[in-house]
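Below you'll find the structure, written out as C-alpha cells, and then a few comments.
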Ligand code: NDP
C-alpha cells in the first residue's frame with residue numbers, strides 16, 4: 001500500500017520525514033511557511049502545495065512536524081473541517097498536556113489522531129535503529145505502522161494515552177540534559193588545572209561505562225525505585241551527601257557555579273534530617289515523584 005501522505009513543516013526534521021516517505025515510494029505532498037525549504041524535496045519527487053489547506057486535502061494521512069504546539073495550533077485550528085475524516089500524526093515536540101489537548105481537539109473535529117515523539121536526529125530518520133514513540137488510538141497505529149516504520153525501524157506504540165510518548169521523550173531528554181550539565185561541570189573543574197577535555201575523556205568514558213550505566217540504568221536500580229526498598233550495602237546518603245558537599249565547596253573555590261547542584265544537596269540533607277542517612281540516595285525518588293510524595 002503506497003497511499004499518499006502529506007508533511008506539514010519542513011524544518012530540519014520535517015524534511016527528513018518527507019524524504020523517508022519519498023524513499024518508500026509514497027506520493028508525498030509538502031507544505032512549509034518558507035516555501036523554498038520544499039525545493040530539494042520537489043527535486044526528489046514531492047508535490048509542493050501552495051497553501052496549507054491544499055496540503056491537508058491532498059492525503060488521507062497528514063504528518064505534522066513544527067517547532068511548537070503553539071505554531072501547530074495556529075496553523076491547524078482554522079482547518080478542522082478539512083482535516084475531518086483524515087489521520088493526523090503529530091511529531092511536534094511539546095508537553096504531555098499539549099499532546100492530550102491536541103488529541104481532544106482532533107477527536108472533536110472528527111480527526112483520527114496519533115501523537116509521536118522522535119528519539120532521533122534527522123540524519124537517523126529511516127534507520128533500522130531509529131526510535132520513535134507513538135500514543136493514541138492503537139488501531140490507527142496498527143493500520144499505519146508500515147508507513148511509520150519508514151521513519152524508523154524501532155517504531156514503538158506505547159499507550160492509548162496520547163500524552164505518554166511526550167512523557168517518555170521528556171524523561172529521556174531529562175537524563176540527557178542532567179548528564180550533559182554534569183559533564184560540562186566536570187570538564188570545567190579539570191580546566192582549572194589545565195587538563196583538557198580530551199585528556200579527561202578516557203576516564204569519563206570508563207566512568208560512564210563501568211559505573212554510571214550499571215548504577216543508574218540496570219534492572220536492579222529500576223526495581224529499587226519501583227519497590228521503594230532503599231536498604232543499601234553499596235553507598236548511603238550520609239556518604240554521598242559529604243561528596244556532594246565537597247563538589248559544591250570545591251566548585252566555589254574554583255569559581256564554577258554550583259547552583260544547579262544545591263537542590264540535590266538540599267534533598268540529601270533533608271533525608272539525613274529525617275533519619276534516612278543509612279539508605280541509598282535513590283530514596284530521593286520518594287520526594288521528587290509527586291505520586292510517592294502524596295501517597
Ligand atoms: P526547525 O527549526 O528546523 O523547523 C521548525 C519548523 O517550524 C519549520 O518548518 C518552520 O517553518 C516552522 N515554523 C516555526 N514557526 C512557525 C510559524 N509561526 N508559522 C509557520 N511555521 C512555523 O526545527 P526541527 O525541524 O528540527 O524540529 C521540528 C520539531 O521536531 C520540533 O518540535 C523538534 O523538537 C522536533 N524534533 C527535532 C529533532 C532534531 O534533531 N532536529 C529531534 C527530535 C524531535 P519555516 O521554515 O518557515 O521557519
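Since every read-out is calculated from the coordinates, none of them should be taken as a lab result. Predicted model, so just to flag it, every value in this text is computed and none were measured.
Points worth noting:
- Rg/Rg_globular for the stretch 168-293, with Rg_globular taken as 2.2 N^0.38 Å and Rg from C-alpha atoms: 1.13
- Angle in degrees between helix 96-108 and the longest Cα principal axis of the chain, rounded to the nearest 10: 20
- The angle separating the long axis of helix 138-149 from the principal Cα axis of greatest extent in the chain is about 90 degrees.
- Once the Cα atoms are used to define both axes, helix 237-253 deviates from the longest principal axis of the chain by about 80 degrees.
- GNM flexibility winner over the chain from 187, 137, 201 (Cα, springs under 10 Å): 201
- GNM top mover of 283, 223, 48 - the chain, alpha-carbon springs below 10 Å: 223
- Relative contact order (%) - the chain, alpha-carbon pairs under 8 angstrom, separation at least six: 11
- The chain: proportion of alpha-carbon pairs further apart than 32 angstrom, %: 43
- Over all orientations, the stretch 139-193 has a Cα convex hull whose mean projected area works out to 5.1 square nanometres.
- Cα gyration tensor, the stretch 27-108 - rounded (a/c under 1.5), prolate or oblate: prolate
- Fraction of antiparallel bridges per DSSP, the chain only, in percent to nearest 5: 20
- Most mobile listed residue (61, 47, 71) in the chain, GNM with C-alpha springs under 10 Å: 71
- Rh by Kirkwood over Cα pairs, then Stokes-Einstein D for the stretch 1-70 at 1.567 mPa s and 4 °C, µm²/s: 112
- The coefficient of translational diffusion for the stretch 5-160, derived via Stokes-Einstein from the alpha carbon Kirkwood radius under 37 °C and 0.692 mPa s, stands at 216 µm²/s.
- Helix-only [θ]222 nm of the chain, DSSP H runs n ≥ 4, -39500 (n - 2.57) each, per residue, nearest 500: -15000 deg cm²/dmol
- When you restrict to C-alpha pairs under 8 Å that are six or more residues apart and normalise by the size of the stretch 233-295, the relative contact order lands at 43 percent.
- The mean sequence separation of alpha-carbon pairs under 8 Å and at least six residues apart, normalised by the residue count of the stretch 73-157, gives a relative contact order of 25 percent.
- Antiparallel beta bridges, as assigned by DSSP with both residues in the stretch 115-181, represent about 50 percent of the total such bridges.
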